[in-house]
């Protein structure tokens with residue numbers, strides 16, 4: 001059955017597919033005037049414009065995220081520098097000399113050297 | 001009716017067409033004809049420019065070869081207020097007092113009452129942690145400005161070597177002054193469109209982003225333990241005898257690296273407002289030339305040995321006086337008359353022995369042109385006295401060594417130079433020249449830079465040889481032995497046993513208004529130390545002076561040398577022999 005149908009379609013097409021012969025003729029029931037066309041074109045341009053603007057400003061959203069990250073980096077960097085300063089002060093010679101560990105140290109009574 | 005409608009549509013189309021044409025013309029005018037004008041206006045409103053500050057390079061010392069931070073940067077904040085919009089002034093003062101304490105300005109409460117102003121600084125140098133605590137309170141009308149300040153965790157340590165950074169961010173004195181450009185780095189630039197909150201946006205095509213180049217992190221040759229001990233020994237030595245001024249240099253004679261450089265009085269770079277005298281900023285070891293005195297006899301002996309003019313056992317007849325042209329030169333220490341050796345002359349620091357070397361460089365009895373030319377070549381050209389050493393520190397002075405071609409460069413001048421008078425040189429020049437004499441004859445460029453930090457790793461710099469034939473190896477060995485005998489011959493039990501230590505005293509007269517005065521002398525001591533039969537590990541030079549005090553090298557400067565030397569032998573873990 002499908003084969004027969006296909007065969008008839010081909011017959012129909014071959015008989016109608018001649019030069020300068022309209023295969024399909026269609027007339028819409030809705031008629032659009034020039035103003036409607038203009039409005040439609042304007043709408044299409046507007047929609048396309050909005051899409052463009054959305055895409056163009058999408059990168060700006062990343063800028064705000066980047067700004068937040070930059071701020072966070074700066075805060076962490078300043079905290080790091082403060083910690084480094086604190087560490088340097090705690091390990092300074094004066095701090096070490098004044099520590100309880102240093103206070104309990106005693107001078108060696110004798111020093112022996114290993115043979116070279 | 002149809003015709004009427006078509007007419008209306010045509011009219012409408014014409015109106016629309018005309019309107020569109022007007023729009024197009026207007027847009028053409030704005031976008032094409034007045035493009036530059038409106039682009040400029042838009043840029044001025046939207047474009048913002050930020051300086052991306054470069055971080056100043058940090059400075060490290062060494063701690064047994066390992067870099068240790070000596071000068072750091074700390075982020076600090078300036079807290080300001082807009083009195084016009086501040087809602088809770090009492091709470092602001094209360095929070096700042098509680099959190100920022102001493103950083104709060106004493107008149108902060110009054111500043112907040114100035115409601116006709118928009119910017120008042122309430123607290124400065126607020127730490128990052130304090131700033132965070134203040135921000136947590138969400139006080140309306142407060143602002144924070146980020147900044148950097150130098151921090152010196154070791155306080156006064158090596159302050160004259162380091163220098164400091166002034167309020168404009170410029171390095172002054174010391175390393176900060178000499179290497180200011182290298183330490184400063186280069187600020188970057190960000191130029192871009194920003195929103196109303198000044199957040200930079202990636203819109204537009206004219207954005208500029210030049211990253212900042214941070215300053216170079218620099219590692220000094222200064223060993224912080226040696227520096228600390230040298231400063232302590234110098235301070236204690238001065239206080240013991242009541243002298244006011246002193247300087248010390250400790251150097252590695254095998255590389256030219258400065259291990260310590262101390263001056264007293266000194267200052268704390270973080271408390272500049274407490275400094276009583278700006279002279280304390282000076283590093284006298286490089287910027288204050290002086291008459292070196294008898295330390296230079298080691299240079300004269302080395303020259304005599306290298307030229308073959310003398311040997312340690314060469315003799316001469318010492319009468320305590322020697323004639324040079326119309327001048328009679330006398331020994332400071334008299335009584336060792338008769339035929340004595342050059343070793344004796346060095347031991348007793350006899351001026352006549354040194355003048356004799358000069359005469360023998362000439363025709364045997366006179367300091368001829370040849371003798372003066374040779375001396376100048378050795379002192380100035382080979383041992384580099386009277387020349388800038390090129391050390392990486394600000395305000396180095398070249399000093400003066402008079403050339404024989406100069407009218408003042410006569411025989412009397414050169415006879416005086418043989419025992420350290422008649423020339424002005426710095427302690428660093430003497431230390432570096434002496435290092436070349438005792439290390440086999442190689443003059444290393446004195447340096448304070450051990451290397452740099454790159455990505456957290458220490459990249460060391462190699463020593464720089466200026467000249468490798470200052471004197472011969474034989475002359476160097478002989479001079480070293482003579483200087484060793486000059487020390488141990490008089491002072492047998494002051495050095496830790498089992499080591500090879502040598503040194504020479506110096507006592508210089510002081511010039512006031514061009515004339516030597518009798519009530520003030522400068523005491524110096526110059527020596528080396530290390531293991532027996534091994535290259536010397538260190539050279540130490542001490543200089544002390546005080547207005548109205550007659551100081552002597554052997555009595556006042558030598559004990560400080562001995563203190564540092566004995567400590568160095570232990571600190572450097574040099575194994576004794578015997």
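The values are calculated or read from the model by the stated rules, or taken from the named source; none is laboratory data. Quick caveat: nothing in here was measured; it's all calculated off a predicted structure. Cβ atoms come from the backbone with ideal geometry, glycine included; neighbour counts cover every protein chain shown.
Here is a list of conditions, (1) more than 14 Å from chain A (Cβ to nearest Cβ); (2) within 17 Å of residue B:73 (Cβ to Cβ); (3) buried (at least 23 other Cβ atoms within 10 Å of the Cβ), and residue B:154 meets all of them except one; can you say which number that is? For residue B:154, the failing item is (1). No other residue among B:108, B:131, B:123 is touching a strand residue (DSSP E or B) at 6+ places or on another chain (Cβ under 9 Å), surrounded by 15 or more Cβ atoms within 10 Å (Cβ to Cβ), on the phi < 0 side of the Ramachandran plot and not assigned by TED's automatic domain parsing to the domain that holds residue B:159 apart from B:108.
Scanning the range B:128-142 for residues that are without any contact (Cβ under 8 Å) to a residue 12 or more places away in the chain and either under 38 Å from the mean Cα position of the chain (by Cα) or away from chain A (no Cβ under 11 Å) (or both) yields B:129, B:132, B:136, B:138.
Restricting the search to strands (runs of 3 or more DSSP E) fully inside the range B:483-578 and requiring at least 3 residues that are surrounded by fewer than 17 Cβ atoms within 10 Å (Cβ to Cβ) gives B:515-529.
Return a yes/no flag: does the range B:506-522 have any residue that is closer than 19 Å to residue B:438 by Cβ and more than 14 Å from chain A (Cβ to nearest Cβ). Checked against the condition, which is being closer than 19 Å to residue B:438 by Cβ and more than 14 Å from chain A (Cβ to nearest Cβ), the range B:506-522 yields at least one hit. When the range B:242-269 is filtered for residues that are more than 25 Å from residue B:470 (Cα to Cα) and out of contact with any strand residue (DSSP E or B) (no Cβ under 7 Å at 6 or more places or on another chain), the ones remaining, listed by number, are B:242, B:244, B:265, B:266, B:267, B:268. When residue B:183 is tested against (1) modelled with pLDDT under 90; (2) in contact with a strand residue (DSSP E or B) (Cβ under 7 Å, 6 or more places away or on another chain), only condition (1) is not met. Which of (1) on the phi < 0 side of the Ramachandran plot; (2) surrounded by 15 or more Cβ atoms within 10 Å (Cβ to Cβ); (3) in contact with a strand residue (DSSP E or B) (Cβ under 9 Å, 6 or more places away or on another chain) does residue B:320 not meet, given it meets every other one? Among (1) on the phi < 0 side of the Ramachandran plot; (2) surrounded by 15 or more Cβ atoms within 10 Å (Cβ to Cβ); (3) in contact with a strand residue (DSSP E or B) (Cβ under 9 Å, 6 or more places away or on another chain), residue B:320 violates only (1).
Against the list (1) more than 10 Å from every other protein chain (Cβ to nearest Cβ); (2) part of a strand (DSSP E or B); (3) in contact with a helix residue (DSSP H, G or I) (Cβ under 6 Å, 6 or more places away or on another chain), the condition residue B:145 fails is (3). Given the criteria part of a helix (DSSP H, G or I) and farther than 30 Å from residue B:260 by Cβ, does residue B:374 qualify? Spelling it out, residue B:374 is indeed part of a helix (DSSP H, G or I) and farther than 30 Å from residue B:260 by Cβ. Scanning the range B:529-565 for residues that are out of contact with any strand residue (DSSP E or B) (no Cβ under 8 Å at 6 or more places or on another chain) and away from every other protein chain (no Cβ under 13 Å) gives B:535, B:559, B:562, B:563.
Scanning the range B:443-473 for residues that are surrounded by fewer than 17 Cβ atoms within 10 Å (Cβ to Cβ), outside any strand (DSSP E or B) and more than 21 Å from the chain's Cα centre (by Cα) turns up B:455, B:456, B:468, B:469, B:472, B:473.
Would you be able to say whether some residue in the range B:168-180 is over 17 Å from the mean Cα position of the chain (by Cα) and closer than 22 Å to residue B:525 by Cβ? No, the conditions are met nowhere in the range B:168-180.
Here the range A:88-109 is the region considered, the condition is being more than 9 Å from chain B (Cβ to nearest Cβ) and touching a helix residue (DSSP H, G or I) at 6+ places or on another chain (Cβ under 8 Å), and the residue that is farthest from residue B:71 (Cα to Cα) is A:102.
Considering every residue within the range B:410-433, establish whether at least one is assigned to a loop (DSSP other than H, G, I, E, B) and more than 23 Å from residue B:284 (Cα to Cα). There is at least one residue in the range B:410-433 that is assigned to a loop (DSSP other than H, G, I, E, B) and more than 23 Å from residue B:284 (Cα to Cα).
Among the residues examined, residue A:36 qualifies as more than 9 Å from every other protein chain (Cβ to nearest Cβ) and either in a helix (DSSP H, G or I) or at pLDDT 90 or above (or both). Sub-6 Å Cβ pairs linking a first residue in the range B:115-127 that is in a loop (DSSP other than H, G, I, E, B) to a second residue that is surrounded by fewer than 17 Cβ atoms within 10 Å (Cβ to Cβ), at least 6 apart or interchain, are B:115/B:84; B:118/B:82; B:118/B:84, ordered by first then second residue.
Looking only at the range B:170-190, residues that are surrounded by fewer than 16 Cβ atoms within 10 Å (Cβ to Cβ) and either within 28 Å of residue B:47 (Cα to Cα) or within 14 Å of another protein chain (Cβ to nearest Cβ) (or both) come to 3 in all. Taken over the range B:74-96, the residue count meeting the criterion of being under 19 Å from residue B:128 (Cβ atoms) and either more than 14 Å from chain A (Cβ to nearest Cβ) or assigned to a helix (DSSP H, G or I) (or both) is 4.
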